[in-house]
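Enquirer: This structure is in structure tokens; I'll ask about it shortly.
The values are calculated or read from the model by the stated rules, or taken from the named source; none is laboratory data. These figures come from a predicted structure and were not determined experimentally. We work out accessible area using only protein heavy atoms, side chains counted, and drop any ligands, DNA or RNA first. Shrake-Rupley method; radii C 1.70, N 1.55, O 1.52, S 1.80 Å.
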Amino acid sequence: MSEEDPTRRRPDPGAGSDVPASGAPGSGRPEPGRSGSGRAGSGQSGSGDARSDRGGADRSGSSRAGVDPRPDSARAGSRDSQADRSRSGRVGSGGARPGRGGSTRSSSERSSGERVVSDRARRTTRTRSRRRDPRRGKIIRRRIVALVVVFGTLGLLYGVYFTPLLGVRSVEVLGTKDLTKPQVLDAAAVPSGNPMLTIDLAAIRDRVAALNRVASVNVSRSWPATVRIDVAERVAVGVIKTPGGAHLIDHTAKDFATVPSAPAGLPELQLTSSAITDPTAVAVVQVLMAVPDKIRAEVLSVSAKSPNSVVLALSAGRQVRWGGTADSPRKAAVLAALMSQPGKVYDVSSPQLATISNP
């Protein structure tokens, strides 16, 4: 029986064995490391041919079925190498840097690093947006201006109310005739140096109004540091002569001053009392004030025994019987018409029945 070359023999299609042929996996040649020739005895040659035939059948069958014809160990090694390559590829794609000895960062470290980078990016973006937003700058400037205004106002109020920054430095007195300025200043008693806003103007007015000669007074602030006092003095309309001097009477029947002698041009009020509460004195003064100005200049004296019996003595021995204070405006008009006629006594106590007589 002649020997055949195992490499030239075609595999038996019907043979299927999992036992590979000797030599390298997947090859039909003998293993290079073994001793001996390919031409062995008939038994060995037959067994080798059988194994070769089975290996070829396995390879052809695996190729037809789409199965890897390599042994299990080779296939396992190939899968391991592919897993290693995919892991290394994922690490490289995730941005992990090979460390010393080929080690990479863990997933937790990568996630924390990504969060830090993301937070920094957000903060940077937020900062840039704030810097670029013009409305934020306007809001900040408005708040600063508001704070400056508030604190400035508080400081000004404190300086005005509680410090002598705007304190009283002078007092101005106006409208005096018979009164002197020292008399008004002494009565006003304005505290010098006190803050202007804390000055009690009403109290100053009351103190000045207490002076007998003062008919009315107005007190005001004249900024920055002056208190102004405007005085209106009483005007005498008559005089009551007494041994102690002449008492000046104003239009309210108030005796506001006493002088050594009666001023010229004032009529004498022949009264026993000069109190403004005396009805007779009040009636006399009211009648005197109701007489027309042209006739009043000729009045020498006014007398009355009661509020309804007022008599005015005029120059040239003439006399006006006025009566009471009722219908004084009408009586004044009738008297002005009667005075155009000659006579000595003009009676207007009854305006509708006015008379002129020459006793």
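Enquirer: Taking a temperature of 37 °C and a viscosity of 0.692 mPa s, what whole-number D in µm²/s does Stokes-Einstein yield for region 195-238 with Rh from Kirkwood over alpha carbon pairs?
Expert: Once the numbers are plugged in, D ends up at 288 µm²/s.
Enquirer: If you don't mind, there's one more thing I want to ask. Let me check something: with ligands and nucleic acids excluded, how do L300, L179 order by accessible area (1.4 Å probe), largest to smallest?
Expert: L300, L179
Enquirer: In addition: Enter the per residue convex hull volume of region 164-296, computed from alpha-carbon coordinates, in Å³ rounded to the nearest integer.
Expert: Dividing the Cα hull volume of region 164-296 by its residues yields 119 Å³.
Enquirer: Using the Kirkwood radius over C-alpha pairs as Rh, can you work out the diffusion coefficient of region 224-293 via Stokes-Einstein at 20 °C, viscosity 1.002 mPa s, in µm² per second?
Expert: 163
Enquirer: Also, I was wondering about something else. Taking H as built 1.01 Å from N, whose amide H comes closer than 5 Å to the amide H of G167, not counting residues under 5 places away?
Expert: Those lying under 5 Å, H to H, from G167 are M196.
Enquirer: Each residue of region 171-178 in order: what ³J(HN,Hα) in whole Hz does its phi give by Karplus 6.51 cos²θ - 1.76 cosθ + 1.60, θ = phi - 60°, with x for Gly and Pro?
Expert: Working through the residues one at a time gives 10, 10, 10, 10, x, 7, 10, 8 Hz.
Enquirer: Still on this structure, I have one more. Keeping all protein chains in place and using 1.4 angstrom, which order do L165, L174, L338, L314 fall into by accessible surface area, from largest down?
Expert: L165, L174, L338, L314
Enquirer: At a Cα cut-off below 18 Å, give the lysines reachable from K305, other chains included and same-chain residues fewer than 8 away excluded.
Expert: K241
Enquirer: Another one. I need the P(r) histogram for region 255-359: all alpha carbon pairs, bin width 10 Å from 0 out to the longest distance, whole percents.
Expert: 15, 49, 29, 7, 0
Enquirer: Size of region 301-359 along its principal axes in angstrom, Cα-based, largest extent first?
Expert: 28, 23, 16
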